[in-house]
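Notes follow once the structure below has been shown.
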């Protein structure tokens with residue numbers, strides 16, 4: 001569909017009228033959610049019917065006023081897909097108009113929550129992929145029909161589409177077996193804690209917190225206190241695992257990663273809320289392979305895109321938009337990484353050069369300091385105040401020292417760097433091990449950092465700055481010469497004029 | 001590749017203006033004087049805690065003076081800059097030293113700024129940004145006329161470079 005040939009191309013359009021229905025329903029939900037605890041609170045010192053009456057009146061007012069406001073917004077909002085520009089006008093008193101040049105548009109993302117899906121509506125976010133412009137570089141249409149959203153996506157991202165049989169097509173489809181990695185993610189304990197917190201909060205609304213605690217106490221009357229704590233933690237973990245499974249299904253059901261003709265990647269996923277994220281390959285600067293500890297122990301990894309223009313959204317959307325794959329077996333992640341980056345072998349699985357032993361020494365020192373610092377503090381307090389703290393300090397040291405040293409060793413083993421084809425690869429981290437493959441042409445500068453201790457140990461931290469993702473990706477604690485040679489080779493010519501050979505080569509070797 | 005083939009970054013060619021040391025010292029003194037004065041005034045006013053407050057005011061003053069004597073001259077030795085036809089190269093820091101290099105073709109904006117203290121010392125700061133959210137380079141403590149010349153030269157050089165700098 002060529003832009004000029006689209007007969008509807010130049011007329012102003014409105015959002016879908018059923019947007020109002022969605023707004024009213026959402027407000028009703030909000031009113032219901034807030035109304036129940038309020039009614040419960042009011043019912044304490046006046047008759048129930050009166051309390052419910054007040055709350056209902058308030059809810060009705062909220063819904064009517066909110067929907068009326070949204071009606072005004074709907075009336076005043078127009079958008080137009082012109083031959084060169086996309087325009088959006090909105091606002092009652094303060095007229096806002098935003099205009100994006102069509103040739104700068106890099107993404108058209110569709111999101112629909114369950115309510116919107118029932119009505120066949122979707123939210124459209126059109127972005128130019130510029131990370132500097134804040135909100136100015138995106139345009140949101142809330143809401144249009146699904147067909148209209150799909151039409152916008154096709155029209156706005158239709159480039160000179162040259163089908164590329166070798167690379168087009170589906171890159172990954174969800175394998176339901178991947179759900180086995182959901183309970184080992186960090187989401188599970190967080191959800192478990194949240195569930196316990198929610199029980200306490202809701203029972204407090206109804207003034208029944210003490211009864212809930214008593215009830216729990218009764219259940220565990222026959223067991224000792226430590227067992228009760230262990231049981232409760234297990235219970236919370238189980239709840240968290242179930243929650244993580246549910247969340248995974250909602251987030252990743254129907255997941256599909258495909259490359260469309262013309263060089264765009266498209267991720268579709270979601271059970272209730274469906275999301276469609278389109279990413280122009282021109283914006284792609286690399287991928288990040290993330291292995292959180294739990295997931296890594298099971299030989300799995302997650303894959304995120306490193307692309308420009310994904311940072312302008314608020315935090316949760318950010319992680320939402322860059323995800324290419326959920327936790328999947330490592331081999332699958334590597335295969336998809338290679339296909340996404342159009343490399344024959346995956347840069348993320350390239351053999352990495354190890355870093356000097358001095359980097360291990362630093363990590364072991366940090367680990368010991370992290371354990372012994374608090375231990376010394378506890379011991380000092382114990383000597384001054386009560387001997388109990390001395391035992392705590394001893395226990396702390398005995399239990400945590402081996403753990404910290406293990407993590408430090410693992411952190412050192414994780415360090416590595418390589419040049420793989422057109423990509424610079426750097427790996428680091430232990431609790432969250434991350435392997436970043438950054439396109440060498442996407443590197444827009446270098447930062448070389450050296451602390452006092454790094455200078456003494458002959459190490460440096462090499463950071464490649466880029467327009468995409470987090471803006472900078474580091475190779476930590478690499479040997480001085482190895483790091484500078486890596487930077488020089490990755491972007492030929494840039495660093496060379498600023499390099500020199502020391503007149504007297506230092507006797508101390510920086511790499512073992 | 002180590003040993004006899006060792007390589008390292010050479011320092012950038014130009015030092016910052018010598019007046020920068022005075023400017024940094026003044027900054028250090030101001031940041032020391034404010035909390036020290038507050039503590040001292042409170043010490044005079046609040047009788048029961050006088051000893052503690054005056055002692056901490058003295059401690060803050062001593063630390064601040066040591067800082068003022070020590071760091072600005074170190075910063076002066078480390079802070080250096082250089083602009084070639086291809087790249088901007090800046091080194092900053094003291095305990096943690098940072099060398100930043102940005103190619104001319106990727107530079108997006110060049111700004112000069114002069115705070116009130118900088119104006120007093122006839123200095124200016126040049127900030128060079130790239131498309132990276134973490135890619136800004138700052139050259140502090142330049143003579144203000146030299147900074148203006150530098151900004152002009154950078155603007156010219158970056159204008160000549162093709163591409164959209166991402």
Exercise. Please give the peptides B:99-105, A:96-102 ranked by average Cβ packing (other Cβ atoms within 10 Å per residue), highest first, as a rough proxy for protection.
Key: B:99-105, A:96-102
Quiz item: If you count, for every residue in A:436-446, the Cβ atoms of partner chains within 10 Å of its Cβ, what is the mean?
Solution: 4
Practice problem: Work out the mean other chain Cβ neighbour count within 10 Å for the residues of B:87-95 and drop it here as an integer. | Solution: 3
Quiz item: In degrees between 0 and 90, to the nearest 10, how far off the longest principal axis of chain B does helix B:50-78 point, with axes built from Cα atoms?
Solution: 20 degrees
Quiz item: Which whole-number percentage describes the relative contact order of segment A:357-413, with Cα contacts under 8 Å and a sequence gap of 6 or more?
Solution: 51 percent
Self-check item: Estimated [θ] at 222 nm from DSSP helical runs (n ≥ 4, -39500 (n - 2.57)) normalised by residues in chain B, nearest 500
Solution: -16500 deg cm²/dmol
Quiz item: Among rounded, prolate and oblate, which fits the protein assembly as shown when a ≥ b ≥ c are the square roots of the eigenvalues of its C-alpha gyration tensor, a/c under 1.5 means rounded, and a/b larger than b/c means prolate?
Solution: rounded
Practice problem: Pull out the extension gain between residue A:46 and residue A:145, defined as 0.36 nm times the separation in residues minus the alpha carbon to alpha carbon distance; nm, one decimal. | Solution: 31.0 nm
Exercise. Over chain B, calculate the relative contact order: mean separation of alpha carbon pairs under 8 Å at least 6 apart, over the residue count, as a percent.
Key: 21 percent
Quiz item: In degrees from 0 to 90, rounded to the nearest 10, what is the angle of the helix B:144-160 Cα long axis to the longest principal axis of chain B?
Solution: 30 degrees
Exercise. Compute the distance in nm between two label points, each set 7 Å from the Cα along the Cα-to-Cβ direction, one at residue A:206 and one at residue A:455.
Key: 6.6 nm
Exercise. Using a 10 Å cut-off on Cβ to Cβ distances, tally the other chain neighbours for every residue of B:136-143 and report the average as a whole number.
Key: 1
Exercise. Only helical DSSP H runs with n ≥ 4 go in: add -39500 (n - 2.57) per run for chain A, normalise by residue count and round the 222 nm mean residue ellipticity to 500 deg cm²/dmol.
Key: -14500 deg cm²/dmol
Quiz item: With a ≥ b ≥ c the root eigenvalues of the C-alpha gyration tensor of segment A:12-157, is it rounded (a/c under 1.5), prolate (a/b larger than b/c) or oblate?
Solution: prolate
Quiz item: Hey, can you rank A:37-47, A:172-182, A:143-153 by average C-beta count inside 10 Å, highest first?
Solution: A:143-153, A:172-182, A:37-47
Exercise. Averaging sequence separations of C-alpha pairs under 8 Å and six or more residues apart, then dividing by the length of segment A:384-432, give the relative contact order as a whole percent.
Key: 25 percent
Practice problem: Name the shape class, rounded, prolate or oblate, that the alpha-carbon gyration tensor gives for segment A:374-512, where a ≥ b ≥ c are the square roots of its eigenvalues, rounded holds for a/c under 1.5, and otherwise prolate holds if a/b is larger than b/c and oblate otherwise. | Solution: prolate
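Bear in mind these aren't lab numbers, they're just calculated from the coordinates by the rules spelled out. Please read these numbers as outputs of a predicted model, since none were measured by experiment. Positions of Cβ are backbone-derived with ideal geometry, glycine not excepted, and every protein chain shown enters the neighbour counts.
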